[in-house]
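In what follows, a single structure is set out as structure tokens and then discussed.
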């Protein structure tokens, strides 16, 4: 494997890259060059979801089969054009990276950062979540199709409350459901709302849904994880790669696709090449999450 270093001209900005032939996904021979190419190709859809958000990097220096680490503090050796934002922690501050543009995206991909995990708020309003997020996590033998069933139940619940919701695959084994807000609201409010929704669904479908985080309770059920609605939690970003055996992607889907998957018993999973084909056909199915304004109703 060559360790040759070179530079890419990215929108007029020279971005150093190295080890482009390093295999990141050995089961399919997907290299660092392929990772960078994917992120360049999906940038038009991905960057709006990263814009102005502190993010945690998840780096795999030796590929998905090797050691990995989360990186909250933006590396000191970053180029001066990579933006950052300070976020308070229990003691002191963390200087997170912000990926606002294509050169910064390529720089992060070259760090063997496969996954981008973002907060639900923007740096301009750190106490205001822009959306509700639910992570549907199956406990074996439940799988993503079971998550799809629960996702449709969530959709019905939100429909009854006059709220639009948008699904995406986690890129792993589950499904995620977002409810855009983009209106003044606090995390205390969204977290309590999300917990109430999860507990209500559990009471209605106790053989299918669990709202308690204890893993021993999940067998054959789907955890409706409401705890993501917190100012210190991050969730994998739409269009991010996942560090699995194959280069799967957290992929926005339609509710019709979710229903069709349940009906046909066909698992929802998409790899990088398929996602690039999907955005050519559908555009960004998650775009409304960034702009649609909705207010949380009162629930009892």
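Return yes when residue 192 is part of a helix (DSSP H, G or I) and free of Cβ contacts under 8 Å to residues at least 12 places away in the same chain and no when it is not. When the stated conditions are applied, residue 192 passes them. Answer yes or no: is there a residue in region 61-80 that is closer than 25 Å to residue 127 by Cα, crowded, with 17+ Cβ neighbours inside 10 Å, touching a helix residue (DSSP H, G or I) at 6+ places or on another chain (Cβ under 7 Å) and not assigned by TED's automatic domain parsing to the domain that holds residue 249. Scanning region 61-80 turns up no residue that is closer than 25 Å to residue 127 by Cα, crowded, with 17+ Cβ neighbours inside 10 Å, touching a helix residue (DSSP H, G or I) at 6+ places or on another chain (Cβ under 7 Å) and not assigned by TED's automatic domain parsing to the domain that holds residue 249. Residues in region 162-182 that are touching a strand residue (DSSP E or B) at 6+ places or on another chain (Cβ under 9 Å) and more than 12 Å from residue 288 (Cα to Cα): 163, 168, 169, 170, 171, 172, 173, 174, 175, 176, 177. Output the residue which, of all residues in region 231-246 that are farther than 20 Å from residue 32 by Cβ and touching a helix residue (DSSP H, G or I) at 6+ places or on another chain (Cβ under 6 Å), is surrounded by the most Cβ atoms within 10 Å (Cβ to Cβ). So the residue we want is 238. Looking at 114, 105, just one residue is more than 17 Å from residue 12 (Cα to Cα) and modelled with pLDDT of 95 or more, and that residue is 114.
With the condition kept exactly as written, say whether any residue in region 251-263 is surrounded by fewer than 15 Cβ atoms within 10 Å (Cβ to Cβ) and within 26 Å of residue 121 (Cα to Cα). Looking for residues that are surrounded by fewer than 15 Cβ atoms within 10 Å (Cβ to Cβ) and within 26 Å of residue 121 (Cα to Cα), one finds at least one in region 251-263, hence yes.
Evaluated against (1) surrounded by 16 or more Cβ atoms within 10 Å (Cβ to Cβ); (2) out of contact with any helix residue (DSSP H, G or I) (no Cβ under 9 Å at 6 or more places or on another chain); (3) at pLDDT 95 or above; (4) outside the structural domain of residue 37 (by TED's automatic domain parsing), residue 123 falls short on exactly one condition, (3). Being outside the structural domain of residue 33 (by TED's automatic domain parsing) and free of Cβ contacts under 8 Å to residues at least 40 places away in the same chain holds for only one residue in 260, 287, and it is 260.
Applying the criterion of being in contact with a helix residue (DSSP H, G or I) (Cβ under 8 Å, 6 or more places away or on another chain) and in a strand (DSSP E or B) to the residues of region 205-222, the residue that is surrounded by the fewest Cβ atoms within 10 Å (Cβ to Cβ) is 209. Which ones in region 251-300 are under 26 Å from residue 196 (Cα atoms) and within 14 Å of the chain's Cα centre (by Cα)? Correct list: 252, 253, 286, 289, 290.
The values are calculated or read from the model by the stated rules, or taken from the named source; none is laboratory data. Quick caveat: nothing in here was measured; it's all calculated off a predicted structure. Cβ atoms come from the backbone with ideal geometry, glycine included; neighbour counts cover every protein chain shown.
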